[in-house]
Amino acid sequence: MKRWMFWLITAIVVALVFVGFGYTKKRETQKQFDNLMSQAITNAQAAEYKKAELNLQDALRKKPDDVVAKQRLEQVKLYQEGLAELKQNDYEQAQLTFRSTAKISPSLSILTQRAKKKDKLLESVLKQREKYDDLYNEAIRLTEIGAYSQSNENLVQILDGKNIDEKYYSQVRKDARELQERNNSILEQIRIQNQQAAIRRQREQQRQEETRKAQQAAASSSSAENQNGEPKKNDDKNNGQDNVKNGSESKPETNNSATEPQPNNENK
């Protein structure tokens, strides 16, 4: 009887030891799990997302079937994907990723708030980018048809935008500046060409004016010479006529003298 009681008591003690050990271990595991989950929240609040991810993975090793840990780990991973897409300027995809991040539940509330904020920001960014893209595409069209000044007017609307210096618009800002420089270079060439053409026209006008003045001076000189020379020519003409007349009058006298009959010596 005594031996039976001994083994019974021993079994009970052993059982209690194992139960106690198991309970203690479970409590210790739960404590470690809770600490890891708490640390993940702290990491997320500090924007240390990789650390939060590692802590959540460790927490799931303690409790592999914990739904909260699984969902939070998925949320942290998804949020980091959105940040990577944002860094690569893939704003459309980043917006979709942040939108999905905000829908995860149960979640890290801080990531839900940040994801919603990113979603709202990107919605505004994409609308503004669409406006800038429309202005830039129209500027390209105007440049192609040679309307460089009008093209620059569109580009100024982009480059003077109140938020154009933000990172979200870096590419369209760069493209707009390059196109503006191209337009300005062409406009400068046109200005120089027009200036040179104006100088040539001015010189041609001066040459024509000098030619006209020279022709006027020659005409005036010719007219003056004609006026001074006409009376002399008339006198010479009159003198010539007088000489002809005198010659006509004297010629018959000479002829009469020659034809007058000479005395006949025979009659004498």
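The values are calculated or read from the model by the stated rules, or taken from the named source; none is laboratory data. Everything numeric in this text was worked out from a predicted model, so none of it was measured. FYI the Cβ positions are ideal-geometry reconstructions off the backbone, even for glycines, and counts take in every protein chain you see. Accessible surface is based on the protein model in full, side chains and every heavy atom, while ligands, DNA and RNA are left aside. Shrake-Rupley method; radii C 1.70, N 1.55, O 1.52, S 1.80 Å.
What the table below lists for this structure:
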| quantity | calculated |
| --- | --- |
| Residue check, T101 assigned to a helix (DSSP H, G or I) and surrounded by 22 or more Cβ atoms within 10 Å (Cβ to Cβ) | yes |
| Any hit, the stretch 47-62, residues being acidic (D, E), outside any helix (DSSP H, G or I), over 45 Å from the mean Cα position of the chain (by Cα) and at pLDDT 95 or above | no |
| Qualifying positions in the stretch 104-127 - open to solvent by 80 Å² or more (accessible area, probe 1.4 Å) and either in contact with an Asp or Glu (Cβ under 9 Å, 6 or more places away or on another chain) or among the basic types (K, R) (or both) | K116, K117, K120, K127 |
| Condition check for E153: open to solvent by 100 Å² or more (accessible area, probe 1.4 Å), part of a helix (DSSP H, G or I) and without any contact (Cβ under 8 Å) to a residue 24 or more places away in the chain | yes |
| Test: residue in the stretch 23-34 that is crowded, with 17+ Cβ neighbours inside 10 Å, touching a helix residue (DSSP H, G or I) at 6+ places or on another chain (Cβ under 6 Å) and modelled with pLDDT of 90 or more | yes |
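Yes/no per residue for (1) modelled with pLDDT under 85; (2) of a type in the set (A, V, I, L, M, F, W, C); (3) assigned to a loop (DSSP other than H, G, I, E, B); (4) on the phi > 0 side of the Ramachandran plot:
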position: G161; (1), (2), (3), (4): no, no, yes, no
position: Q171; (1), (2), (3), (4): no, no, no, no
position: E181; (1), (2), (3), (4): no, no, no, no
position: R191; (1), (2), (3), (4): no, no, no, no
position: Q215; (1), (2), (3), (4): no, no, no, no
position: N243; (1), (2), (3), (4): yes, no, no, no
position: E249; (1), (2), (3), (4): yes, no, no, no
position: P263; (1), (2), (3), (4): yes, no, yes, no
